[in-house]
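Below: one structure, written as C-alpha cells.
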Amino acid sequence: MTSSPTLPAFTLTRPQAAPLDPPPLYAQLREEQPVTRVSLWEGRLTPWLVTRWEDARAVLGSPAFSSDPAHPGAPTFREGQPQNPRGFFASHDDPIHAAMRRTLTREFMVKRINELRPAIARLTDELLTGLTELSGPADFVEHFALPLPSLVICELLGVPYEDHPFFQEQSKALVDLNAPAEESARAFANLGEYLLGLVRTKHTTPGNDVVTRLAAQVDGGVITDQDAADLSAFLLFAGHETTANMIALSTITLLSHPDQIPHILGGPDQVASAVEELLRYLSIVHGGLRRTAVEDVTIGGVTLHAGEGVIVPVHVANRDPEFFSNPDDLDLERANVRQHLAFGYGIHQCLGQPLARAELQIVLPEVFRRLPRLKIAVPMEEVAFKQATAVYGVRELPVTW
C-alpha cells in the first residue's frame, strides 16, 4: 500500500481566469497522487481527495462510506456542521435515507416528469417572451435562468409562485459557504415554518402536487408533518440553485463554442446526448461530494481508515482522460457520456435527475431557437462567477439578443 503527504489548505473551486475548467493542479494530482490528503479548516482536518473517475465511483458506490455530515471525521464545509433533518435524506445513511427517499421515488419517475414537460415548455416560452420585451442588455440569470427552475419546482410541489423571492433568499443562504452558521440555521427554520403550514393546509385542501401526496403519506402514518415539510424544503433547495446554475453555465459554454450549438438544436436523441455532455463538462458540484469511511477500505491502492474523511470532486473525475477521451474538449456527440458522475453514483445518486434533464432538454434548445443572436454583453473576465458556494454558477450574466 502507499500513502501520500498532506497538501496545504486546498480550495475546491475554479479560478476566475479559467471559469469553465478545473485548476491544472487537479490534473497533476490525478496523474501523480490520485488519492491524496488535503487540509481543511486551517489544517485541523485532513481528508482524502479522490480525483480519478474509477476511484470516485468506487467511493460513491461503496457501503464502506457514510454521507452523514455529523459523522466524526466528516469533511464538512464548516467546522461543527449540525445534523440535517431526516427530510434532507442525501445527508443521511440507511435506513433513514432509504425510508425518506422512498416517499418521493414515484414523483421523479420518468413518466411523471414527462407529464410536466408541457408546463416546462410553457414557462420557458413565457420567460423568454418577457426577456425579449426588455431593452437589453439584461441579466440572463435574473430574468430567465433563476426563475425558470423556481417556477417549475413550485408548480411540482404546489407552492404559490408569489413566494418565490422568499425561497430564493433562503436557498442562497443555504449554499453560501461564507454565510455564518446562524444564517444557515435561520434559512432552514424559515423554510421549515412556511412548508409545515403548507403541509397542514394540504390535509384539508388537497391539490395535484407533491406536497399533497406527502400529506397523504402523513395521514397514512408513513411520515410526520415535519418530515413532509423537510422533504419539501429539500426539494426546493435541490431543484432551485442547481438547475439555474446549469442553465446559465450551459448558455455561456455554448456561446463560447458556437460550432457546437447545432447539436443542441437537433432531434430529441441528439439534444439528450448534448445535455449529458454539458453535465459532464460542467459538473457544478465543485465543493465535492463528501463521505466518511466507516471501516478500513482500499481505494486506488491507498488504505483509508475508519473515521477518515473523503472528498470526491466530480468535476475533476469527469475530466479523467483514462475514461473520457480528450476530456477537456466539449464534444456534444461524445459516445460514453452517460457514465459521467455529475449526479453522483450509488444509492445517493440524485433523485431529481429526470427533472433536471427534462428542464435542460427543453430550455437550452428553445433559448438558441428564440435568441439566435444571443451574446454575452461584457468581456468574459467581467462575468461574476460564484466561488464560495457549494454549487458552482454565475451571479450575473448580462446578455443582448
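Taken across segment 122-139, residues that are of a type in the set (A, V, I, L, M, F, W, C) and touching a strand residue (DSSP E or B) at 6+ places or on another chain (Cβ under 9 Å) do occur, with at least one present.
Only residues that are in contact with a strand residue (DSSP E or B) (Cβ under 7 Å, 6 or more places away or on another chain) and under 13 Å from Pro22 (Cβ atoms) were counted across segment 270-296, and they come to 2.
Screening the candidates Pro258, Pro262 for the property of being more than 23 Å from the chain's Cα centre (by Cα), without any contact (Cβ under 8 Å) to a residue 12 or more places away in the chain and over 22 Å from Asn336 (Cα atoms) yields one hit, Pro258. When Leu351, Leu355, Leu397, Leu289 are checked against the criterion of being within 16 Å of Leu255 (Cα to Cα) and touching a residue at least 60 places away in the same chain (Cβ under 8 Å), a single residue qualifies: Leu397.
Regarding segment 245-253, can at least one residue be identified that is in a helix (DSSP H, G or I), more than 24 Å from Ala356 (Cβ to Cβ) and touching a Leu at 6+ places or on another chain (Cβ under 9 Å)? No - not one qualifying residue is present in segment 245-253. Each residue in segment 262-275 was checked for being part of a helix (DSSP H, G or I) and open to solvent by 30 Å² or more (accessible area, probe 1.4 Å), and 6 pass. Do we have Leu123 as open to solvent by less than 70 Å² (accessible area, probe 1.4 Å), more than 20 Å from the chain's Cα centre (by Cα) and within 30 Å of Ala215 (Cα to Cα) here? Criteria met by Leu123.
The values are calculated or read from the model by the stated rules, or taken from the named source; none is laboratory data. As the structure is a prediction and not an experimental result, all values here were calculated from the model. Positions of Cβ are generated from backbone atoms using ideal geometry, with glycine treated the same way; all protein chains shown enter the neighbour counts. When the accessible area is computed, the model is the full protein with side chains, heavy atoms only, and any ligands, DNA or RNA have been set aside. Shrake-Rupley method; radii C 1.70, N 1.55, O 1.52, S 1.80 Å.
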